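Below: one structure, written as structure tokens.
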Amino acid sequence: MILTDTEILAEMRMGSVVIKPFDRRFLGSNSYDVHLGDWLAMYRDEILDARRHNRVSYFRIPKEGLILVPSKLYLGVTKEYTETHRHVPFLEGKSSIGRLGIDIHATAGKGDIGFCNTWTLEISVRQPVRIYARMPIGQLIYFRVSGDVAVPYNKKKTAKYNRRTVKPVESMMWKNFET
């Protein structure tokens, strides 16, 4: 079951859903619109290796916007910091973004109960397109779960994306190979 606008507001009052900054104008009937943060990142190397830490370079999106090009992967970040303590959050691209040929995630649209951070976006485009910081980029949808969670994400010792940040976070897949 997906939470409605009134249920999202009720969960926010209880503290089980946190969205900062929150603006009521961006609350839809059953989702909350999130915005592109100020920072993007790109991998430094052309060839990435899943067994090693692939470094990124960060850059701010200028006021006049930035043209993204196909064949490049950009890591973006949401302006909004979120916490979800009792529901599974899903991040989907807004249809207006999709109609510009922008994908905001390749595989990581689902969050975990206990995820407390900004969302890193895996941005790719079909044709050159100019983007802007703070533009609407996606929407969060919250699903009810059945049963209790033994260990929420923010309490897992093996969680790779718990460090709070306002910048995109590169892949930490390499940590899966540590012995």
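Computed quantities for the displayed model
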quantity	calculated
Residue check, V169 loosely packed, with under 15 Cβ neighbours inside 10 Å and either part of a loop (DSSP other than H, G, I, E, B) or more than 12 Å from the chain's Cα centre (by Cα) (or both)	no
Index of the failed condition, T82 passing every other in (1) part of a strand (DSSP E or B); (2) touching an Asp or Glu at 6+ places or on another chain (Cβ under 7 Å); (3) of a type outside the set (A, V, I, L, M, F, W, C)	(2)
Residue selected from region 159-179 under the condition of a type in the set (V, I, T) and modelled with pLDDT of 85 or more, by the criterion nearest to E122 (Cα to Cα)	V169
Residues located in region 85-116, provided they are charged (D, E, K, R) and either buried (at least 20 other Cβ atoms within 10 Å of the Cβ) or in a loop (DSSP other than H, G, I, E, B) (or both)	R86, K94, R99, D112
Strands (runs of 3 or more DSSP E) lying entirely in region 117-157 (those with 1 or more residues that are under 19 Å from V88 (Cα atoms))	120-125, 136-144
Which listed residue is among the small types (G, A, S), over 10 Å from the mean Cα position of the chain (by Cα) and modelled with pLDDT under 95, from A106, A133	A106
Sole residue being in contact with a Leu (Cβ under 9 Å, 6 or more places away or on another chain) and not β-branched (V, I, T), chosen from R99, R144	R144
Yes/no for D5 being more than 23 Å from K175 (Cβ to Cβ) and surrounded by 16 or more Cβ atoms within 10 Å (Cβ to Cβ)	no
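The values are calculated or read from the model by the stated rules, or taken from the named source; none is laboratory data. Not measured: the values here are computed from a predicted model. Methodologically, a virtual Cβ is constructed for each residue, glycine included, from the backbone with ideal geometry; neighbour enumeration extends over all protein chains shown.
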